[in-house]
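**Student:** Once you've had a glance at the structure underneath, I'll fire off some questions.
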Amino acid sequence: MQLWPHQEHALEVCRAHHTASSSRVLVQFPPGTGKTDVGALAAIQWVKSGANRRALVAVATSPILQQYYRRLVNMTRLPAAFAHASRTDHFRS
């Protein structure tokens, strides 16, 4: 997958933040600039970086959730699950 420079930079920031604080990150870009790819790659990096790590993904609409899920399934063989509104959406190592 070819990333744009701003996406590569965002992934570097996510990776550095995870290394420094082992905490959460928020990916926010304007529409059409690759949030799904960056968010999916950041979540995958986090899950693969340690034992028993999980990622929670929150999105605004069901179509975006479906897009995100499809992207995760295409990017990794890690187990992935998704649900609507009141249930959590996660994948884990």
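**Student:** Given Ala58, Ala20, which one is open to solvent by 70 Å² or more (accessible area, probe 1.4 Å), within 10 Å of the chain's Cα centre (by Cα) and of a type outside the set (Phe, Trp, Tyr)?
**Tutor:** Selected residue: Ala58, the only one of Ala58, Ala20 that is open to solvent by 70 Å² or more (accessible area, probe 1.4 Å), within 10 Å of the chain's Cα centre (by Cα) and of a type outside the set (Phe, Trp, Tyr).
**Student:** Which residues, counting only those in region 19-62, are out of contact with any helix residue (DSSP H, G or I) (no Cβ under 8 Å at 6 or more places or on another chain), among the polar types (S, T, N, Q) and outside any helix (DSSP H, G or I)?
**Tutor:** Ser22, Asn52, Thr61
**Student:** What pairs come up if the first residue lies in region 32-60 and is of a type in the set (Lys, Arg), the second is assigned to a helix (DSSP H, G or I), and their beta carbons are under 7 Å apart, counting only those six or more places apart or on different chains?
**Tutor:** Going by the 7 Å Cβ cut-off, the qualifying pairs are Arg53/Trp46; Arg53/Val47; Arg54/Val47.
The values are calculated or read from the model by the stated rules, or taken from the named source; none is laboratory data. These numbers were taken from a predicted model, which means no experiment stands behind them. In this analysis, Cβ positions are derived from the backbone assuming ideal geometry, glycine residues included, and neighbour counts consider all displayed protein chains. Each accessible area value is taken on the protein alone, full model and side chains, heavy atoms only, with ligands, DNA and RNA left out. Shrake-Rupley method; radii C 1.70, N 1.55, O 1.52, S 1.80 Å.
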